[in-house]
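First comes the structure, then the notes that go with it.
The values are calculated or read from the model by the stated rules, or taken from the named source; none is laboratory data. Every value quoted in this text rests on a predicted model; they were computed, and no experiment measured them. Using ideal geometry, Cβ is built from the backbone for each residue, glycine included, and neighbour counts are taken over all protein chains shown.
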């Protein structure tokens, strides 16, 4: 496993091993010794092509997340919402896919979202804390201040995510 640092403190890419042959492949998804934290809560999502989910975070109970695409391909985005961070208000994006077998470790305090580039996309999340519905908050995906360059052709988005906060209003809450 190769660990790749980004320009964001604690935001890491894990390039993992795959063992391929004529039957298919076998992959390592998670090896605890590579992580300083534990992940007591696993979730997954299934999405059609052109679905946008996010940008989500838990405000008073922030979670670190280890994101892995099990099937399909996504344009994955995380926004640094850590008030005292040098990269506060900046975003990181990466294309993650089943073919590449990379995972993204998103530190606690980041908002996360993704846009599906293929049908039948399955994401697996390992979370450092349990879901805390009362502290869930969202930032609007197309915020003018964040200037995220999404590769959107069509858009399928939930009513909840359409009504997320803009980044200026989010900053007033922290």
Task: Residues satisfying the stated conditions in the range 50-82, i.e. over 23 Å from residue 142 (Cβ atoms) and outside any strand (DSSP E or B) - done: 60, 61, 62, 63, 64
Open item on the list: Against the condition over 17 Å from residue 105 (Cβ atoms), at pLDDT below 95 and part of a strand (DSSP E or B), how does residue 46 come out, does it pass?
Closed with: no
- [ ] Quick one: which residue in 55, 123, 105 is touching a residue at least 24 places away in the same chain (Cβ under 8 Å) and closer than 15 Å to residue 13 by Cα?
- [x] 105
- [ ] Could you look through the range 147-166, keep only residues that are more than 17 Å from the chain's Cα centre (by Cα) and in a strand (DSSP E or B), and pick out the one that is surrounded by the fewest Cβ atoms within 10 Å (Cβ to Cβ)?
- [x] 156
Open item on the list: Here is a check on your reading of the model: is residue 82 buried (at least 16 other Cβ atoms within 10 Å of the Cβ) and touching a helix residue (DSSP H, G or I) at 6+ places or on another chain (Cβ under 7 Å)?
Closed with: no
- [ ] Kindly provide the set of residues from the range 95-106 that are within 11 Å of the chain's Cα centre (by Cα), under 11 Å from residue 76 (Cβ atoms) and crowded, with 18+ Cβ neighbours inside 10 Å, ordered by number.
- [x] 96, 103, 104, 106
Open item on the list: Condition first: over 27 Å from residue 109 (Cα atoms), free of Cβ contacts under 8 Å to residues at least 60 places away in the same chain and touching a strand residue (DSSP E or B) at 6+ places or on another chain (Cβ under 7 Å). Now tell me which residues in the range 1-24 satisfy that.
Closed with: 19
Task: Within the range 127-145, considering residues that are assigned to a loop (DSSP other than H, G, I, E, B) and in contact with a strand residue (DSSP E or B) (Cβ under 6 Å, 6 or more places away or on another chain), the one nearest to residue 35 (Cα to Cα) - done: 130
- [ ] Kindly establish whether residue 88 is assigned to a loop (DSSP other than H, G, I, E, B), surrounded by 17 or more Cβ atoms within 10 Å (Cβ to Cβ) and either at pLDDT 95 or above or touching a strand residue (DSSP E or B) at 6+ places or on another chain (Cβ under 7 Å) (or both).
- [x] no
